[in-house]
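Take a look at the structure set out below.
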Amino acid sequence: DQWSDIATLIAGSGITATNGVLALDEKSLTYIAGVANQMELSEGINYFSGTIDHDMTLRLPAHTGSVEVGDTVVVKVQELGGHTVTITGSSYPSVSGTIDAEPYITLDSDNSALTFVRVDTTGSWMVM
């Protein structure tokens, strides 16, 4: 039917269209607990539950094959416990990925959330 065709066309990465119904792919939801510093974020939704017990740096996926233009990465934190979460534009030190033309962005408020969208093939991300 026509709606099913439209849903299939608009379903991007991380979304599945079945019989005209859009659904978030299960693999697109990443729960982060006891995370190590310098962890690479996944495409889709990445969320922390509970209180973070140290400052940490997280990395957006590298531009070498793991993400495409238009892909999104969402980060949600609950309680920061007085700490900060820094998100860098690249997973690899040798790759100069940016976020709105800056090398990193910092979450420093409880219940913060950011959505990043890949905007080109050179490692640039934008905050939406």
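The numbers here are math on the coordinates, done by the rules we state, and not lab data. Everything quoted here is computed from the prediction, not taken from an experiment.
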- Would you mind checking which residues have amide H under 5 Å from L80's amide H? H placed 1.01 Å from N; only 5 or more apart, or other chain. I52, D110, N111
- Query: Sequence-distant or interchain residues sharing an amide H contact under 5 Å with G44, placed H: which?
  - Reply: T72, V73, V74
